[in-house]
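Beneath this line is the structure, given in structure tokens, with notes to follow.
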């Protein structure tokens, strides 16, 4: 189908954009990268009265590091994260690994991280990344600005804490320390498909022992999941050499099992029943943790950036 | 809504409904039917065009978003004298098309990548990642990969060597499962 008719506005400033969203008697949609919204317009699942195109708002494409965080403007594209240089240390490496799993290059040229958070698809890598890293989401509305933590932002599939008259202006991603190793593992049906399950992990290690673990799961529930129970099981565990062979009793395998059984809340899908999804989660958590260990080992081998 | 659009170097002034996507406007208002529409969901890539030099899906972009911007379609690849673009010659030489429906999209995808960074054709992993963007149901992708490598070699005026099987052997991935 073709999109239904709508009015179109391309504001030049954040203020104009927020003013355009203020009239809640009209159903307005914000257009950033548009790589999900255009699809919804084609299907006519979304039939807005007004499309507010923020692509001509100056300054929203900014990406800068200050106060211990990467500040991602609402128009920073997925492609901007392909290079690990996007942020110093492990954060840049983790974002880069994830970015290469998002759709394919032409989509990454337009789609945005902030748009992905606003869209809140359960399979979105960036949404899981936001909860994994305790990101802050900056919102601007008619009465001022506020920051919502990622753990309070996602309420369900395509449901977020953003009010209809608010615009996401930026996302703050806290930097990760140099003693943190990162990993990312995703299972998908074809290269450019949505994630069946994606797992990201950040392990902070002191003297060979895990002092902090962060594990995020995409498409393992209706909202992005932070695998807190699995993380707790790892604190104090030996950051052991990556496993080879059957992963029984290994702390990483145990964490995978806990993430799959306790943290995840998968729903049956046509090609993946719940038991299958739990199995995938357990395996991918183990792999992501292995990668994080490898990442740390590479760093301690003198390859520190 | 009135917009100004430059397509293949030619200026167009168009009065458009905001809901119309760039692909439809190129085909119906500019008369450039080389840009094909397959899925209209951003999956197949047949509608790929360059907007300000960047390969994007013209089905996932409103035409009004392109006001003041420059679009290049498959019709803009050949030279002014009608001489085919090196990519077009290479696609023909390597049999990188059969039915041809996906070809305009693959050509523009490759043109955008080669113009922004020609080294991509010599990097098997990045070229493989690029080719996941579009769908081809005839060729199995391998001839398309060879054609893009061949076009780069012709651009730098080094004729590709031919192997016994007749395909370009100058650059080969380390193992056959890399594509």
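The values are calculated or read from the model by the stated rules, or taken from the named source; none is laboratory data. Since we're looking at a predicted model, the values are computed, not measured. Neighbour counts are summed over all protein chains in view; Cβ atoms, including those assigned to glycine, are modelled from backbone coordinates with ideal geometry.
Consider the stretch A:154-181. How many of its residues are over 19 Å from residue A:116 (Cβ atoms) and out of contact with any strand residue (DSSP E or B) (no Cβ under 7 Å at 6 or more places or on another chain)?
Going through the stretch A:154-181 one residue at a time, the tally reaches 1.
Considering the stretch B:52-76 alone, what residues qualify as being surrounded by fewer than 21 Cβ atoms within 10 Å (Cβ to Cβ), touching a strand residue (DSSP E or B) at 6+ places or on another chain (Cβ under 8 Å) and under 22 Å from residue B:114 (Cα atoms)? I'd like the intermediate steps shown before the answer.
Start the filter on the stretch B:52-76 by keeping residues that are surrounded by fewer than 21 Cβ atoms within 10 Å (Cβ to Cβ), which leaves B:52-54, B:67-70, B:75-76.
Now restrict to residues that are touching a strand residue (DSSP E or B) at 6+ places or on another chain (Cβ under 8 Å): B:52-53, B:67-70, B:76.
Residues satisfying the conditions are B:52, B:53, B:69, B:70, B:76.
How many residues does the stretch B:96-120 contain that are more than 14 Å from chain A (Cβ to nearest Cβ), in contact with a helix residue (DSSP H, G or I) (Cβ under 9 Å, 6 or more places away or on another chain) and surrounded by 15 or more Cβ atoms within 10 Å (Cβ to Cβ)?
Total satisfying the criteria: 3.
For residue B:68, indicate whether it is outside any helix (DSSP H, G or I), on the phi > 0 side of the Ramachandran plot, in contact with a helix residue (DSSP H, G or I) (Cβ under 7 Å, 6 or more places away or on another chain) and within 13 Å of another protein chain (Cβ to nearest Cβ). Give the derivation first.
On the way: outside any helix (DSSP H, G or I): yes; on the phi > 0 side of the Ramachandran plot: yes; in contact with a helix residue (DSSP H, G or I) (Cβ under 7 Å, 6 or more places away or on another chain): no; within 13 Å of another protein chain (Cβ to nearest Cβ): yes.
No: the conditions fail for residue B:68.
On the given criteria, is residue B:98 over 23 Å from residue A:188 (Cα atoms), out of contact with any strand residue (DSSP E or B) (no Cβ under 8 Å at 6 or more places or on another chain) and at pLDDT below 95? Lay out the reasoning, then the answer.
On the way: over 23 Å from residue A:188 (Cα atoms): yes; out of contact with any strand residue (DSSP E or B) (no Cβ under 8 Å at 6 or more places or on another chain): yes; at pLDDT below 95: no.
Answer is no for this residue.
Please go through (1) surrounded by fewer than 24 Cβ atoms within 10 Å (Cβ to Cβ); (2) away from chain B (no Cβ under 14 Å); (3) without any contact (Cβ under 8 Å) to a residue 60 or more places away in the chain for residue A:230 and return the number of the only condition it doesn't satisfy.
Among (1) surrounded by fewer than 24 Cβ atoms within 10 Å (Cβ to Cβ); (2) away from chain B (no Cβ under 14 Å); (3) without any contact (Cβ under 8 Å) to a residue 60 or more places away in the chain, the lone unmet condition for residue A:230 is (1).
Taking interchain pairs and intrachain pairs at least six residues apart, which have beta carbon atoms under 8 angstrom, with the first residue in the stretch B:64-90 and within 12 Å of residue B:52 (Cβ to Cβ) and the second modelled with pLDDT of 95 or more and assigned to a helix (DSSP H, G or I)?
B:65/A:55; B:65/B:22; B:66/B:22; B:71/B:22; B:71/B:26; B:72/B:108; B:72/B:111
Condition first: under 17 Å from residue B:130 (Cβ atoms) and either crowded, with 24+ Cβ neighbours inside 10 Å or within 8 Å of chain A (Cβ to nearest Cβ) (or both). Now tell me which residues in the stretch B:39-49 satisfy that.
Once the filter is applied, which keeps residues that are under 17 Å from residue B:130 (Cβ atoms) and either crowded, with 24+ Cβ neighbours inside 10 Å or within 8 Å of chain A (Cβ to nearest Cβ) (or both), the stretch B:39-49 yields B:42, B:43, B:45, B:46, B:47, B:48, B:49.
So if I check each of A:73, A:92, A:33, which one is out of contact with any strand residue (DSSP E or B) (no Cβ under 6 Å at 6 or more places or on another chain) and either buried (at least 23 other Cβ atoms within 10 Å of the Cβ) or within 19 Å of residue A:170 (Cβ to Cβ) (or both)?
A:92
Would you say residue A:103 is farther than 23 Å from residue A:139 by Cα, within 13 Å of chain B (Cβ to nearest Cβ) and either buried (at least 18 other Cβ atoms within 10 Å of the Cβ) or out of contact with any helix residue (DSSP H, G or I) (no Cβ under 9 Å at 6 or more places or on another chain) (or both)? Let's see the steps before the verdict.
Working: farther than 23 Å from residue A:139 by Cα: yes; within 13 Å of chain B (Cβ to nearest Cβ): yes; either buried (at least 18 other Cβ atoms within 10 Å of the Cβ) or out of contact with any helix residue (DSSP H, G or I) (no Cβ under 9 Å at 6 or more places or on another chain) (or both): yes.
It is true that residue A:103 is farther than 23 Å from residue A:139 by Cα, within 13 Å of chain B (Cβ to nearest Cβ) and either buried (at least 18 other Cβ atoms within 10 Å of the Cβ) or out of contact with any helix residue (DSSP H, G or I) (no Cβ under 9 Å at 6 or more places or on another chain) (or both).
Considering only the stretch A:171-202, state which residues are under 19 Å from residue A:85 (Cα atoms) and surrounded by fewer than 24 Cβ atoms within 10 Å (Cβ to Cβ).
If the condition is that a residue be under 19 Å from residue A:85 (Cα atoms) and surrounded by fewer than 24 Cβ atoms within 10 Å (Cβ to Cβ), then A:172, A:174, A:175, A:176, A:177, A:178, A:179 are the ones that fit.
Among the residues of the stretch A:246-257, are any out of contact with any helix residue (DSSP H, G or I) (no Cβ under 8 Å at 6 or more places or on another chain), at negative phi and modelled with pLDDT of 95 or more?
no
Scan the stretch B:1-38 for residues that are within 11 Å of chain A (Cβ to nearest Cβ) and part of a strand (DSSP E or B) and jot them down.
Hits for the stretch B:1-38 are B:3, B:21.
Need at least 2 residues that are touching a residue at least 24 places away in the same chain (Cβ under 8 Å), over 30 Å from residue A:296 (Cβ atoms) and more than 11 Å from every other protein chain (Cβ to nearest Cβ) per element, so show me which strands (runs of 3 or more DSSP E) inside the stretch A:1-93 make the cut, counting only ones lying wholly within it.
Ranges flagged: A:28-31.
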